[in-house]
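Reviewing the structure listed below.
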Amino acid sequence: MIIDAHAHLGTDLVFDEVREESDILKKMDEHKVDVTIVQPMFGAVYIEDIRAIHDRIYQFASAHPKRIYGVASMPPLIPESDYYEEARRCVKELGFVGIKLHPAAHGTSPTSKRGEMVWKVCSDLGVPLMVHTGAGVPAALPANVIGRCKQYQDVQCILAHSGMISFAGEAFLAAKECPNVILETSWTAAHHIEHFIELYGADRVMFAGDEGTNLVVELAKYRSLHISPEELEWCLWKTANQVFKLGF
Ligand SMILES: [Zn+2]
């Protein structure tokens, strides 16, 4: 089984990308990905637009039960009451399985007060938080999550991209300091993935593509690693299944 823990749907106003439902399904079929966890593209700043993309992901998931799951993503700089209410709606009414923070695209460092709000919302709603790391430093430095992860030990924090090669050293540091840090490995070097597994265990390492055309690359990396079949299973789906509580 393969779970892709990180894919985007919609039109991105920050990175100028467009992905349709059909793009995601086509790549899943091509690479035998069983489940994809889908989050919005970036750039929606008005609550109506934020609700619309979350509704679109909900409809996508409803049309493909046990194949597509949703993750909420919106800038924490909108009014706090809007952020909290939309996060609650996504988790409690739409069945979303997590929340995403992109420190650069959302203009919110984990170390800021609005950054703290995101952890508090995840703690209250009982869902994991995925934080983008890598491109977009200094806000996106992996070490920025360490303080919050110690403060909110009940929130599992998934480091998307594990620092994206250049800042992998900080991803190692965050994982060492915080047992609630999970390492998501899209755009991560293969030898770093191998070291993550050796040092912290495969149950803290999570496969993802981030982008359909990248799935072939990410799968090839895992197939080149010197790890056991059981470790591979954890990375490819069991870790995501456990962290997002998917129930497979
Ligand atoms: Zn992404």
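The values are calculated or read from the model by the stated rules, or taken from the named source; none is laboratory data. Keep in mind it's a predicted model, so treat the numbers as computed, not measured. Counting neighbours? That spans all protein chains shown, and the Cβs are built from the backbone with ideal geometry, glycine included. In case anyone asks, the SASA skips ligands and DNA or RNA and just uses the protein heavy atoms, side chains included. Shrake-Rupley method; radii C 1.70, N 1.55, O 1.52, S 1.80 Å.
Near Phe248, once Lys and Arg are set to +1 and Asp and Glu to -1 for all other residues with Cβ below 13 Å from its Cβ, the sum equals +2. Label the stretch 177-217 by shape, choosing from rounded, prolate and oblate, from the square roots a ≥ b ≥ c of the eigenvalues of the Cα gyration tensor; if a/c is under 1.5 it is rounded, and otherwise prolate applies when a/b is larger than b/c, oblate when it is not. Since a/c reaches 1.5 and a/b is larger than b/c, the shape of the stretch 177-217 is classed as prolate.
In a fully extended conformation the segment linking Val216 and His31 would gain 65.9 nm over its present Cα-Cα distance, using 0.36 nm per residue.
Let me make sure I get this right: for the stretch 31-92, a, b and c are the square roots of the gyration tensor eigenvalues over alpha carbons, sorted descending. Under 1.5 in a/c it's rounded, otherwise prolate if a/b > b/c, else oblate. Which is it? Cα axes put the stretch 31-92 in the prolate bin.
Computed log10 I(q)/I(0) for the stretch 45-126 at 0.21 Å⁻¹: -0.94, from the Debye equation with unit scatterers placed on every C-alpha and solvent omitted.
Per-residue ellipticity at 222 nm, computed for the chain from helices alone with -39500 (n - 2.57) per DSSP H run of at least four residues, works out to -11000 deg cm²/dmol. Is the shape of the stretch 101-248 rounded, prolate or oblate, going by the alpha carbon gyration tensor and its root eigenvalues a ≥ b ≥ c, with a/c under 1.5 for rounded and a/b larger than b/c for prolate? Because a/c hits 1.5 or more and a/b exceeds b/c, the stretch 101-248 counts as prolate. For the chain, just give the cysteines left without a disulfide-compatible partner, judged by no other Cys Cβ under 4.7 Å. Taking the Cβ cut-off of 4.7 Å, the unpaired cysteines of the chain are Cys90, Cys122, Cys157, Cys235. The Cβ shell under 9 Å around Leu225 holds other residues with a net charge of 0, Lys and Arg each +1, Asp and Glu each -1.
Note on the stretch 55-151: with charges restricted to the Cβ of Lys and Arg (+1) and Asp and Glu (-1), its dipole about the Cα centre is near 280 debye. According to the Kirkwood relation over distinct C-alpha pairs, the hydrodynamic radius of the chain is 17.6 Å.
Expressed as a whole percent, the accessible surface of the chain that belongs to carbon and sulfur atoms is 55, based on a 1.4 Å probe.
Heavy-atom accessible surface of the chain, averaged per residue, reaches 41 Å², computed with a 1.4 Å probe. When +1 charges are put on Lys and Arg Cβ atoms and -1 charges on Asp and Glu Cβ atoms, the dipole computed for the stretch 96-223 relative to its Cα centre reaches about 280 debye.
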